Amino acid sequence: MGRRLTDKAAKPPRAVVLGCSGERLNAFERDFFPAADPVGFILFRRNCGSPNQARELIAELRECVGRDNAPVLIDQEGGRVARLRPPHWRLYPSAADLASLPDPQAESAARLVARLMADDLAQLGITVDCLPVLDLPALGADPVIGDRAYGSEGDRVVRLGRAVCEGLLAGGVLPVVKHIPGHGRARVDSHEACPLVETGHDELSRTDFAPFRALAVMPWAMTAHIVYMTIDAAAPATLSRRVVSEIIRGEIGFDGVLISDDLSMRALGGEIGERGRRALTAGCDLALHCNGDPREMEGIVAAVSQISDRTAERLARAEAMRRNSAADGFHRAEAEAQLDVLLTRASISEAS
């Protein structure tokens, strides 16, 4: 199946990750994706009706761009953010459910959940999971993060987040830490409006930024559509060169693949192509567009460039991590039984 990102003779793909509209590619998508040549794709619940159907869709997406290693992403967190659901897939506990377990069972359960999720994803051909959420919800914050977070204690969030990353990587799936440099103080849902955070830089560094700094070696991260007033009052992090260069790349020390959050969210103003162009100019490696709207996809593809050499190197490094971290000897039935024991013990303990 054609050329790869590592093939130097091949034309570099475009610095965008795109969604599609349904369980099968429509006529527009079959014509558009080969010409657009995105780095990869992202799937949602609308795209995943059954295992066989999802596998066929993923194969068709990769065939469109002629790269059998094109990243395919999904938001499979557990709890209310689960694109793969019963009856074909297990519904896993939310981050808050896992965090409610006592230590060290919480870490063990988080690692097992992630390893089982990775098995689900790898069987379909999905290679990147937008997980874990490292945001620290603050008092009075909008519930958009809520139970998607592992709590507000930074050290414990790091431990659970690291366990999730380890579980995904062991299953050959790349984790995406999000929403860097921290979404936990947002008082409005960034899907609907742009949150403004007025907390001082020193306090943000001590709290919100700390989990991302501790896990800065992870291969991918997703930005927050949030304006940090004391750092850059003019632009949300996704579109802010100062936040990306000085905070994410500098202070936090993240040097992996940096992908924007969905550019169709209402937190961002301006035309969709301008959003994509500004995200890359700010320092994001990849622009993310999720809703599959043809006009929006045409606009963003027309506006964004091919990936840079640096982005290509980061993508290659991440893919090498995925391949080298995958572990043998996984037995799904044993892992599910172990997880069920941990969850049952916790419920018995609570009841007593």
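The numbers here are math on the coordinates, done by the rules we state, and not lab data. Computed from a prediction, not measured in an experiment: that's the story for all the values here. Virtual Cβ from ideal backbone geometry, glycine too; neighbours counted across all protein chains shown.
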Inset, instruction - Rank the residues 247, 180 as a footprinting-exposure proxy: fewest other Cβ atoms within 10 Å of their Cβ go first. - result: 247, 180
Inset, instruction - For the range 26-351, state the semi-axes of the equivalent ellipsoid (square roots of 5 times the eigenvalues of the alpha-carbon gyration tensor), sorted largest first and rounded to whole angstrom. - result: 29, 26, 17
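Can you give me the convex hull volume of the Cα atoms of the range 129-188, divided per residue and expressed in Å³?
Working: hull volume 4.1 nm³, N = 60.
It comes to 68 Å³ per residue, whole-number rounded.
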Inset, instruction - Give, in nm to one decimal, the length gained when the segment between residue 245 and residue 344 is fully stretched (0.36 nm per residue of separation minus the Cα-Cα distance). - result: 31.1 nm
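Calculated from DSSP H runs of 4 or more alone, at -39500 (n - 2.57) each and per residue, what is the 222 nm mean residue ellipticity of the chain, nearest 500?
On the way: 11 runs with 136 residues, N = 352.
My calculation for the chain gives -12000 deg cm²/dmol from helical runs alone.
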Legend entry - Positive-end extreme of charge dipole, the chain - chosen from 132, 315, 149 (charges on Cβ): 315
Inset, instruction - Post the alpha-carbon centroid distance, the range 27-67 to the range 143-175, in whole angstrom. - result: 28
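Once you charge only the Cβ atoms, +1 for Lys and Arg and -1 for Asp and Glu, what is the size of the charge dipole of the chain about its Cα centre, to the nearest 20 debye?
Its charge dipole is roughly 660 debye.
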Inset, instruction - Show the residues, 5+ positions off or on another chain, whose built amide H is closer than 5 Å to the amide H of residue 326. - result: 172
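Could you work out the mean projected area of the convex hull around the alpha carbons of the range 268-352, in square nanometres to one decimal?
10.6
Taking the Cβ of residue 64 as the centre, find all other residues whose Cβ is under 12 Å away and add up their charges (Lys, Arg: +1; Asp, Glu: -1).
Details: positive: 30, 62, 67; negative: 29, 31, 37, 60, 63, 68.
Local net charge: -3.
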Inset, instruction - Please give the net charge around residue 307, taking every other residue with its beta carbon less than 11 angstrom from that of residue 307, where Lys and Arg add +1 and Asp and Glu add -1. - result: 0
Legend entry - Cα-derived Rg over Rh, computed across the range 80-119 with Rh taken as Kirkwood radius: 0.99
Inset, instruction - Considering Cα pairs under 8 angstrom that are at least six residues apart, work out the relative contact order of the range 26-351 and quote it in whole percent. - result: 14
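Once the convex hull of the C-alpha atoms of the range 72-191 is built, how many Å³ does it hold per residue, rounded to a whole number?
Working: hull volume 11.5 nm³, N = 120.
Taking only Cα atoms, the range 72-191 has a hull volume of 96 Å³ per residue.
Go through the range 110-208 and name the GluC sites (Glu not before Pro) that are in a DSSP coil and have 13 or fewer other Cβ atoms within 10 Å of their Cβ.
On the way: sites: 153, 166, 192, 198, 203; in loops: 153, 192, 198.
Listed in order of number, the matching sites are 153, 192, 198.
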Inset, instruction - For the range 204-211, just list the computed ³J(HN,Hα) in residue order, Karplus coefficients 6.51, -1.76 and 1.60, θ = phi - 60°, integers in Hz, with x standing in for Gly and Pro. - result: 4, 5, 6, 10, 4, 6, 4, x
Legend entry - Footprinting exposure proxy for 183, 88, 225 (fewest neighbouring C-beta atoms within 10 Å first): 88, 225, 183
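Output the antiparallel fraction of DSSP beta bridges having both residues in the range 26-351, as a percent to the nearest 5. Mind dumping the intermediate values first?
Working: 2 of 21 bridges.
So the antiparallel bridges amount to about 10 percent of the total.
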